[in-house]
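Novice: Input: one structure, supplied below.
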Amino acid sequence: MPRSCVFAGGVAVALLLLPCQCDGQAAQSKATNLNAAKAAMVHGVAAMQVGDFVSAKRDFSTVVRLAPQVEPGHAALGSALLALRENESAVRELEIALRLAPDDYAVAINLGRAQTALGHYNDAVKAFGAGLSGAETPALSPDETLAYATALAATGQLQSAVELLQRGVDAVPDSALLQDGLGTALAQQGKLDTALPHFERAVAIDPAQAAPQLHAAAALLALDRPAEAIPFADKAVAAAHDSFDAQLQLGRALSAGHRDAEALEHLHRATELRTKLQTPDSLYSLALALQASGDAAGSLPLFAAATSDATAKTSFARGSALINYALARVLTGDAVGALPIYAQALAIGPDSATLREDFGAAYLQKADLDHAIIQFKAGLAIEPDNAHLHYDLGLAYKLKDNLAEAVPEFERSASLDSTLPDPAYTLGVIYMQQGKYPEAIANLRRATALRPENGDAWALLGGVLKDSGDLAAAADALHHAIELQPDQPSLHIQLATLESQAGHAAEAAAERKTAADLSRAAMSRQRAEFALKSGRTLLEQNKLGDAVFQLITAVHAEPSLAEPHRLLAEAYMRQGKAADAAVERQQAEALASAKKP
C-alpha cells in the first residue's frame, strides 16, 4: 500500500488557512466548498484505511476539485491512484502536491514508486533522493525499498541497490519481498550462489508466491542444477498456472533434465500464453528449450521474434541466436531458409569453426557440395584439429565420389577423436567396397564398439567377416545384427548360409524359414498399405464399391490394422449397411485398444 500522505485533520487546517478575499455570497460559497472538501477528505481517508481505493479516489478527486491549491488533496489522490496502479495519473497529482509542499517526504517517496512503475527510473531515483534527504530520514517499507532498488539497478547503480536491499533485509528479515529482491540484485551481479539462499528464504517465508519460486528455479538452472530447479518451478506453476514465466521455467528445467515429453507440455503452454509484452530474452529461452526437447518446428516463430529487432537490448549475442535459428531451419529440412540466416550471423560475427560447420551442413542438406566444402575448409582454417569438420569435409568429398580426398579426411577425423563412431563406420564401408577386408573389419569393429546399437554396422561386419573366411566371427556379428533388426530377412538368409557352411542343416533351415516368413509379412504389409491408400482415396471420391473392395483386401493382407476396419465402417454406413458398419467399428476399436500400452 502507498505511504499515507494525509490525515483527517490535516486537510481541515490547510483549508482553513486558505486566504478568503470574498465577501457576502462569494464568501459563503467558498465556505461551503471548504466544508464539502473537508467532508470528502474524511470519507476518503476512511476508505483508504479499509482498502477501498476506488471510493478513496472518488472522494479525493472531489477534494482536489473543490480545493485545488491544498497540497494534501493532491497527495491523497496520488496515493489512491498509486494503489490502483493508475501510475501516470498518480505521477501528475503527486508532482502537483510536491510543488505545493516541496518538503513532504511521503509525497516524494510515493512519486518515486509511481515513476519506477512507469519505468522512469532516473526520475524515480531523484524522487526517492528528495524523500530521503531531510533531517530525519524516514524508514522505507519493503515495497518502497524494492521500488527504489529497482530504479537504482536500472540506472547503473546495482551495488547501491544491493546495499539498500541488504539494509532492508537486516531490518525486516522475514520479508519475502525483500529477500527475493536482494536475491535478484545479487543474481544480476552474477553472484548466483549468494543469491540462491535469499530466494530459498523468500520461498520459506511465503510459499504461495510464484516469483521467488521462479527466481530460485532460474538460479539453479543457471548453476546447471536442473533436478533441483524442477520442484521450485513446479510450485510456481501450481501457484500461477496461467503464467508464461512459470510455464517457461518449468519447461526449461524439465528440458535440461532430459524429460522432453513433460518439458514440451509446459513449453507449448508457455507458447500459448505469450503476448507482445514478452522480452526477446524470454522468447529466445523458450525457442532454445523447444529446440533442445525436439520441437524445432515450434521454435521457429520464437527464434524469428527474438532476433527480429537488431537494436533490442538482450542478454544473448544476436549472432549466436541467429546460428540457433538457422539450425532450427536445417533440423526442419529448410536448408534454403537457413542459408541467409547463417550469412547474416557470419556478417555480424564473430567467425567460428562451429558457425562454418553448421553453415556447411546447410549447404550439404541442399546438395550444394562445392559451397559446403568451402565452408568446412574455412572452419578448418580456424580450428585445424577439429575432428567433426574433418569428417564433414570427408563426407562432402565422398558425396562427390572423390574418395582420394575423402579417405584422408575420415582418417584424420578418426585420429583426432577416437571416440567418434561415424568416421570408423564410413571408413569400414569404403574399405569394404574397395575389397580391403582387414581395414574394413578393423574399422567396423571400432564402429560397433563405439556404437553397439548400430545394427547396420553389425550386419556389414558380419558380411565382411564371412567374405574374409572367418565364419564363426561372422555368425556372431550377424546374431548381434538380428537382435537389433529382427525383421530384416536378408540377415537371416546370410546366417542360414553360414549355418549351412558349418554343417548345421537344421539351424540353416530354421533361418531360411524365418527369412521366408519375414519376406511374406513384408509383402503383406506392402500390399495392405497400397490397398489401404487406394481405399482411402476411393472413399474420398465416394466410389463406395471400389473402396470396400480395396479395404477388404487391406484387412486380409494385414489383419492387425485398425484403420481399414474404421474406413469400412464409414463406407458401409454410406451404403446404408448399418449392421455391417457396427461390426467393423467394433473390430477397429478392439484392434486400436489392443495396441495401446
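The values are calculated or read from the model by the stated rules, or taken from the named source; none is laboratory data. What you are looking at is a predicted structure, and each value in this text was computed from that prediction instead of being measured. Please note: Cβ atoms are built from the backbone with ideal geometry, for glycine as well, and neighbour counts cover all protein chains shown.
Novice: Test THR354 against the criterion of being at pLDDT below 95, closer than 28 Å to ASP385 by Cβ and either among the β-branched types (Val, Ile, Thr) or assigned to a helix (DSSP H, G or I) (or both), and give yes or no.
Specialist: Spelling it out, THR354 is indeed at pLDDT below 95, closer than 28 Å to ASP385 by Cβ and either among the β-branched types (Val, Ile, Thr) or assigned to a helix (DSSP H, G or I) (or both).
Novice: A further question on this structure: Looking only at residues in segment 266-278 that are closer than 19 Å to ALA218 by Cβ and in contact (Cβ under 8 Å) with a residue 12 or more places away in the chain, which one is surrounded by the most Cβ atoms within 10 Å (Cβ to Cβ)?
Specialist: LEU267
Novice: Mind checking whether some residue in segment 258-280 is farther than 24 Å from TYR325 by Cβ, acidic (Asp, Glu) and over 11 Å from the mean Cα position of the chain (by Cα)?
Specialist: Yes: segment 258-280 contains one or more residues that are farther than 24 Å from TYR325 by Cβ, acidic (Asp, Glu) and over 11 Å from the mean Cα position of the chain (by Cα).
Residues checked against (1) modelled with pLDDT under 85; (2) surrounded by fewer than 17 Cβ atoms within 10 Å (Cβ to Cβ); (3) not aromatic (Phe, Trp, Tyr):
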{"position": "LYS543", "(1), (2), (3)": "no, yes, yes"}
{"position": "ALA547", "(1), (2), (3)": "no, no, yes"}
{"position": "PRO564", "(1), (2), (3)": "no, no, yes"}
{"position": "LEU567", "(1), (2), (3)": "no, no, yes"}
{"position": "ALA571", "(1), (2), (3)": "no, no, yes"}
{"position": "ARG574", "(1), (2), (3)": "no, yes, yes"}
{"position": "GLN586", "(1), (2), (3)": "no, yes, yes"}
{"position": "ALA592", "(1), (2), (3)": "yes, yes, yes"}
{"position": "LYS595", "(1), (2), (3)": "yes, yes, yes"}
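Novice: Does at least one position in segment 513-523 carry a residue that is within 17 Å of LYS466 (Cβ to Cβ) and either surrounded by 15 or more Cβ atoms within 10 Å (Cβ to Cβ) or within 50 Å of the chain's Cα centre (by Cα) (or both)?
Specialist: yes
Novice: Can you tell me how many residues within segment 69-84 are crowded, with 24+ Cβ neighbours inside 10 Å and either of a type in the set (S, T, N, Q) or at positive phi (or both)?
Specialist: Qualifying residue count for the region: 1.
Novice: State which residue is nearest to PHE244 (Cα to Cα) when the search covers only segment 299-320 and only residues that are aliphatic (A, V, I, L, M) and surrounded by 23 or more Cβ atoms within 10 Å (Cβ to Cβ).
Specialist: LEU302
Novice: Give the residue that is nearest to ASN402 (Cα to Cα), with candidates limited to residues of segment 430-453 that are of a type outside the set (Lys, Arg) and crowded, with 20+ Cβ neighbours inside 10 Å.
Specialist: TYR431
Novice: Okay, moving on. Which pairs do you get when a residue that is more than 19 Å from MET523 (Cβ to Cβ), found in segment 539-562, comes within reach of a residue that is surrounded by fewer than 19 Cβ atoms within 10 Å (Cβ to Cβ), reach meaning Cβ atoms under 6 angstrom, with the pair 6+ apart or on two chains?
Specialist: From residues that are more than 19 Å from MET523 (Cβ to Cβ), the pairs are LEU544/ARG574; LEU544/GLN575; ALA562/LEU591; ALA562/ALA592.
Novice: Considering only segment 170-189, I want to know if a residue exists there that is among the β-branched types (Val, Ile, Thr) and in contact with a Gly (Cβ under 7 Å, 6 or more places away or on another chain).
Specialist: Among the residues of segment 170-189, not one is among the β-branched types (Val, Ile, Thr) and in contact with a Gly (Cβ under 7 Å, 6 or more places away or on another chain), which makes the answer no.
Novice: Right, here's the next one. Any residue in segment 39-58 that's in the same structural domain as ALA90 (by TED's automatic domain parsing): show its pairings with residues that are modelled with pLDDT under 90 and part of a helix (DSSP H, G or I) at Cβ separation under 6 Å, as long as the two are six or more apart or on different chains.
Specialist: MET41/VAL11; VAL42/ALA8; VAL45/ALA8
Novice: Only one of PRO564, PRO559 is part of a loop (DSSP other than H, G, I, E, B) and more than 30 Å from ALA473 (Cβ to Cβ); which?
Specialist: After applying the criteria, what remains is PRO559.
Novice: Which one of these does ARG252 not meet: (1) basic (Lys, Arg); (2) at pLDDT below 95; (3) buried (at least 24 other Cβ atoms within 10 Å of the Cβ)?
Specialist: ARG252 satisfies all of (1) basic (Lys, Arg); (2) at pLDDT below 95; (3) buried (at least 24 other Cβ atoms within 10 Å of the Cβ) except (2).
Novice: Looking at LEU322, LEU327, LEU339, LEU300, can you tell me which residue is closer than 24 Å to ASP385 by Cβ and without any contact (Cβ under 8 Å) to a residue 40 or more places away in the chain?
Specialist: Sole residue among the options that is closer than 24 Å to ASP385 by Cβ and without any contact (Cβ under 8 Å) to a residue 40 or more places away in the chain: LEU327.
Novice: Quick check on ALA130: is it at pLDDT 95 or above and in contact with a helix residue (DSSP H, G or I) (Cβ under 8 Å, 6 or more places away or on another chain)?
Specialist: no
Novice: Restricting the first residue to segment 89-112 and requiring it to be in a helix (DSSP H, G or I), which pairs with a second residue that is among the acidic types (Asp, Glu) meet a Cβ separation below 7 Å and a spacing of at least six or different chains?
Specialist: Taking only residues 6 or more apart or on different chains, the pairs are ALA97/GLU71; ALA97/ASP104; LEU98/ASP104; LEU100/GLU71; ILE109/GLU144; LEU111/GLU95.
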